[in-house]
Amino acid sequence: MEQKVDLGNAVLKGVSRSFYLTIRLLPRLMREPVSVGYLLARASDTIADTEAVDAEVRKDCLSIFHQAMKDEEMRDKLCGILEEKFIEHQENEREKLLLTRMADVFGWYDTVTEQDWIAISDVMKPILKGQRWDVDFFAIQKKKQIESDEDLETYCYQVAGSVGEFWGIVGKNAYRRYSEYDSDQLKKYGINYGKGLQLVNILRDLPTDLENGRCYIPNVDAKDTKAVMKASKVWRKKARRYLEQGLTYSSTLRQKRAKIATALPAIIGLKTLDLMDDVTWDQWEQGIKISRKEIRKSVWQAICH
């Protein structure tokens, strides 16, 4: 129990930033599987993003990550590679701590209920697939831009839409009457909600990604910032529609804390899109960030939703 509390306080709070508030708002029975799933996904994301390590090594680590969740030998192998090749390259001390504590994170995963253990295992499959694709496409194949709308939608499903689906499964595991929606409706809206959140992340980070030689927006001249801004409007509109489905999703939940926690990311995401609508490219390059005051207002809006 002490180890779980320590991971939640020392590690989870450090790497989850604003999402930590969402986790804290969740009802108790959902909090643990969501926390464990988040730490595993954040660790694999850190592996994928550690550009100081050779791309083939990163891809190999992502390939064995899911096996490591179930097999002690593969777990020891992965933790050994992280210690030898990855930890020293972490400039973010919180992410460094996460990779240092991976054996403990896997140990926490081992303690969740069987149904949540399966749900976490299932959601990590598409997440890892999307992360491997990202490393392979941009770092190994040296591609510069996602090639089609379908490819972007697929990527958004893998790394985030699948999480929306997972959220509904965990909710139903915890509370039999979790939502007024049936499982199929909940799955559809959950997937779109997750995709919307990922699109917000992609759009927010667009200038930084372009500077680093990668573009997640297809069918646009990545060197023409005016064209990129115009194309981004289409995806902001789609992201907004997906996030509004997220608010609809949250409104169907019967558990009050789950309703509040689920609404909060959508409200923050919509405000982030509003900021993007009103900035110049130069301002966008400086970063899009919701103020602490707006975060507090968003919590109140989620409570009243």
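Over segment 179-305, how many percent of alpha carbon pairs lie in each 5 Å bin up to the one with the longest distance?
2, 11, 20, 20, 17, 12, 9, 6, 3, 0
What number do you get for the chain when its Cα radius of gyration is normalised by 2.2 N^0.38 Å, N = residues?
The value comes to 0.98.
Subtracting the Cα-Cα distance from 0.36 nm times the residue separation, let me have the gained length for Leu97 to Asp278 in nm, one decimal.
Working: separation 181, 0.36 × 181 = 65.16 nm, distance 3.71 nm.
So the extension gain works out to 61.4 nm.
Expressed in whole Å with the largest first, what are the equivalent ellipsoid semi-axes of segment 1-143 derived from the C-alpha gyration tensor as the square root of 5 times each eigenvalue?
Values: eigenvalues 117, 52, 45 Å².
Square roots of five times the eigenvalues give 24, 16, 15 Å.
Over segment 66-206, what is the relative contact order in whole percent, taking alpha-carbon pairs under 8 Å and six or more residues apart? All intermediate terms of the calculation are to be shown ahead of the outcome.
Values: 102 pairs, mean separation 28.5, N = 141.
It comes to 20 percent, rounded to a whole number.
For Ser179, which sequence-distant residues (separation of 5 or more, or a different chain) have an amide H within less than 5 Å of its own amide H, given hydrogens modelled in the peptide plane?
Under 5 Å from the amide H of Ser179 lie the amide H atoms of Arg254, each far enough along the sequence or on another chain.
Taking R0 as 22 Å, what's the FRET efficiency between Glu88 and Asp54 from their Cβ-Cβ distance, rounded to 0.05? Numbers along the way, then the final one.
Working: r = 14 Å, r/R0 = 0.64.
Approximately 0.95, to the nearest 0.05.
Normalising by the residue count of segment 1-143, find the relative contact order in percent from Cα pairs under 8 Å and 6+ residues apart.
Numbers: 117 pairs, mean separation 47.4, N = 143.
Dividing the mean separation by the residue count of segment 1-143 yields 33 percent.
Tell me what the chain gives for mean residue ellipticity at 222 nm when only DSSP H runs of n ≥ 4 count, each as -39,500 (n - 2.57), the sum divided by the residue total, rounded to 500 deg cm²/dmol. Please list the in-between numbers first.
Numbers: 17 runs with 216 residues, N = 305.
After summing the helix terms and dividing by residue count, I get -22500 deg cm²/dmol.
Would you order Lys238, Lys223 from fewest to most other beta-carbon atoms within 10 Å of each residue's own beta-carbon? Mind dumping the intermediate values first?
On the way: Lys238 18, Lys223 9.
Lowest to highest Cβ neighbour count: Lys223, Lys238.
Could you list the square roots of 5 times each eigenvalue of the Cα gyration tensor of segment 154-199, that is, the equivalent ellipsoid semi-axes, sorted largest first and rounded to whole Å? Mind showing how you got there, number by number?
Values: eigenvalues 81, 18, 9 Å².
Each semi-axis is √(5λ); the values are 20, 10, 7 Å.
Determine the gain in length on full extension of the stretch Glu153-Tyr175; use 0.36 nm per residue of separation and subtract their C-alpha separation, reporting nm with one decimal. Write out the running numbers ahead of the final one.
Numbers: separation 22, 0.36 × 22 = 7.92 nm, distance 3.04 nm.
Computed gain between Glu153 and Tyr175 is 4.9 nm.
Can you find, among Val279, Leu12, Val123, the residue farthest towards the positive end of the dipole of the chain? Put +1 on the C-beta of Lys and Arg, -1 on that of Asp and Glu.
With unit charges placed on the Cβ atoms, the residue in question is Val279.
From the Cα gyration tensor of segment 77-135, with a ≥ b ≥ c the square roots of its eigenvalues, which class applies: rounded if a/c is under 1.5, or else prolate if a/b is larger than b/c, or else oblate? Don't jump to the answer; show the numbers that get you there.
Working: a/c = 2.34, a/b = 1.39, b/c = 1.68.
Note, shape of segment 77-135 comes out oblate.
Quick one: Cα centre-to-centre distance for segment 62-134 and segment 247-305, in angstrom?
29
Name the residue farthest towards the positive end of the dipole of segment 148-305 from the options Ile191, Ser298, Leu206, assuming +1 on Cβ of Lys and Arg, -1 on Cβ of Asp and Glu, about the Cα centre.
Of Ile191, Ser298, Leu206, it is Ser298.
If you plug each phi of segment 95-112 into the Karplus form 6.51 cos²θ - 1.76 cosθ + 1.60 with θ = phi - 60°, what whole-Hz ³J(HN,Hα) values come out, in order, with x for Gly and Pro?
5, 4, 4, 4, 5, 5, 9, 4, 4, 6, 5, 4, x, 5, 4, 5, 9, 6
Need one word for segment 94-224: rounded, prolate or oblate. Basis is the Cα gyration tensor (sqrt eigenvalues a ≥ b ≥ c); a/c below 1.5 gives rounded, then a/b vs b/c decides.
Working: a/c = 2.64, a/b = 1.48, b/c = 1.79.
It comes out oblate by the Cα gyration axes.
What does the charge count around Phe138 come to, taking other residues whose C-beta lies under 9 Å from its C-beta (Lys +1, Arg +1, Asp -1, Glu -1)?
Values: positive: Lys142, Lys143, Lys144, Arg214; negative: Asp134, Asp136.
Overall, the nearby charge balance is +2.
Assigning unit charges at the beta carbon (Lys, Arg +1; Asp, Glu -1) and nothing else, what dipole magnitude in debye, to the nearest 20, does the chain show about its Cα centre? Spell out each step's value before the answer.
On the way: 49 positive and 47 negative charges, 339 e Å.
For the chain, the charge dipole is close to 1620 debye.
Given H placed 1.01 Å from N in the peptide plane, which residues other than close sequence neighbours of Gln145 have an amide H under 5 Å from its amide H?
Cys215
Values in this text are rule-based calculations from the coordinates and carry no lab data. Source: prediction; values computed, not measured. Every residue, glycine among them, receives a Cβ derived from its backbone with ideal geometry; neighbour counts consider all protein chains shown.
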